[in-house]
Amino acid sequence: MLLAARGRLRVHLRATWLSGKTRPMEYRVAQLEALGRFLDEKKQDILEATASDMGKVRGIRGRIFGALSTHPSLGFRIMPSTAPCPQAGGARRAGGHHVTVLMACLPPAGNCVIVKPSETSKNTERVVAEMLSCYLDNDCFAVVTAGVQETTMLLENKFDYIFFTGSTSVGRIIMTAAAKHLTPVTLELGGKNPCYVSDTCDVQNVARRVAWGRFFNAGQTCIAPDYVLCSVEMQEKLMPALREAITEFFGSNPRESPDFGRIMGDKQFRRIRALLCSGRVAIGGQTDEKERYIAPTVLADVLPSDPAMQEEIFGPILPIVVVANMDEAIDFINARSQPLVIYAFSCDSKVVNQVLERTSSGGFCGNDTLMHVTLTSLPFGGIGNSGLGKYHGKFTFDTFTHHRGCLHRNMGLEALNALRYPPYSQQKLGLLTATFEIKRKGTCTLL
Ligand code: NAD
């Protein structure tokens, strides 16, 4: 029954797309304006929903509204975070953590889209499902709420494109389902992002930037530095600096801070808490299951075989793994899956460049954390286990646009075609060769 309804929805969206309704620029701009109104008029609902999903967090407002921007090369406003799917009836599936921002990108490329927000962020999912339809054209944009079982059924449909945000393991499931229909995919996945800290750096600044990146959203961002690699001497220096940064950001009791969030779900809370047995708890370590609170925590002397190093943490825990030097750090990184981002800190730019050049990852950021995603001129996406495809800014528009090669020729001037038609002769061959010569010199060809 449900499958049939989802199937009908896809057919309806496809029919809308085929009707050409979404093609005119004015239509797309109007939908973008409507989306802007949704974000504007429902900002309180969105903030409250996000706050109940994440615990009390300030400062998310700028993130949502910062998503509105102008893209000069396109001549109209698009949202830099992402956009819709090409042609008809694309499916877009987003993790809940930034779904509202992602939603903001539906209309620019003229696609019809089914959005499936994550069911783990229940309140955000509800706000999007209930309110967005009042603003956007329901013939083109649909929000579907579904758990794993229904999502599996949804994936049985043939879509033109699937954009997925979530974990690597679910990414594999999505790609397998897409392969059945040869549907192209963009997979925005996660993983363990290494952060190398060299012996030559401003320790206090490093600590502030790393702590901010790790504990932002209580560690639940795909680009958070997942673990630090540094020498034993640097670990000694970093520890008091990290403690100072954490206190500066969240006070002496982070539980009371309006700027420190909670873990999204009970299952995730228990998974993350179990990682605390890795190495030695040097900072934090307090937990409260009722509130799904885990204090900003730093683990020292963590071994590669410890639980915290076996999976993406996606929570407010920062393990430090001791390495002898930069070469060992690079070997450590290269021995593992390619991460979404690699961070490297050093006052010596040669060190930062070496880490960049001798490793592979979706993105890279030297001497800071998270900030690379704020540049919409940069592509954002993973490689290998951390994802497939890229978006942000114009890359988003291109991802959701089919670049169709087209030629429209004149019906006349048939004599020019005689060369390529049989019967062939030495003379024709000579002329053809000359034509290719001209092409190689960058002028034109008759073919
Ligand atoms: P998740 O993979 O558990 O869930 C993501 C989505 O997949 C949800 O909508 C869920 O309904 C769906 N899903 C789960 N199991 C499924 C199944 N068996 N079949 C079909 N669909 C299924 O991820 P999450 O907890 O929402 O988000 C955390 C992960 O997402 C982390 O790994 C994080 O790094 C990653 N992430 C990546 C980006 C990025 O842009 N690269 C952004 C945010 C989060």
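Points worth noting:
- Pairwise label distance in nanometres, Met371 with Gln426, each label 7 Å out on the Cα-Cβ vector: 7.0
- Using just its DSSP H runs of length 4 or more, each adding -39500 (n - 2.57), the chain gives a mean residue ellipticity at 222 nm of -11500 deg cm²/dmol after division by all residues.
- Exposure rank, largest accessible area first [Ile317, Ile383; 1.4 Å]: Ile383, Ile317
- Percent of beta bridges antiparallel (DSSP, the chain, rounded to nearest 5): 25
- Report note on the peptides 159-171, 393-405, 208-220: ranked by the mean count of other C-beta atoms within 10 Å, highest first, their order is 208-220, 159-171, 393-405.
- Of all beta bridges that DSSP places with both ends in the range 194-379, some 25 percent have antiparallel geometry.
- What the Kirkwood sum gives for the range 194-379 is a hydrodynamic radius of 16.4 Å, with every pair of different alpha carbons counted.
- The chain: angle of helix 232-250 to the longest principal axis, Cα-based, in degrees nearest 10: 90
- Think of a 1.4 Å ball rolled over the protein heavy atoms: the range 194-379 then has 41 Å² of accessible area per residue.
- Reciprocal mean inverse distance between Cα atoms of the chain - Kirkwood radius, Å: 24.0
- Accessible area of the chain belonging to carbon and sulfur atoms, whole % at 1.4 Å probe: 56
- For the pair His402 and Ser19, label points projected 7 Å from Cα toward Cβ lie 2.0 nm apart.
- In nm, spacing of pseudo-spin labels at Arg280 and Asn410 (7 Å Cα→C-beta vector): 8.3
The values are calculated or read from the model by the stated rules, or taken from the named source; none is laboratory data. Keep in mind it's a predicted model, so treat the numbers as computed, not measured. Please note: Cβ atoms are built from the backbone with ideal geometry, for glycine as well, and neighbour counts cover all protein chains shown. Accessible surface is based on the protein model in full, side chains and every heavy atom, while ligands, DNA and RNA are left aside. Shrake-Rupley method; radii C 1.70, N 1.55, O 1.52, S 1.80 Å.
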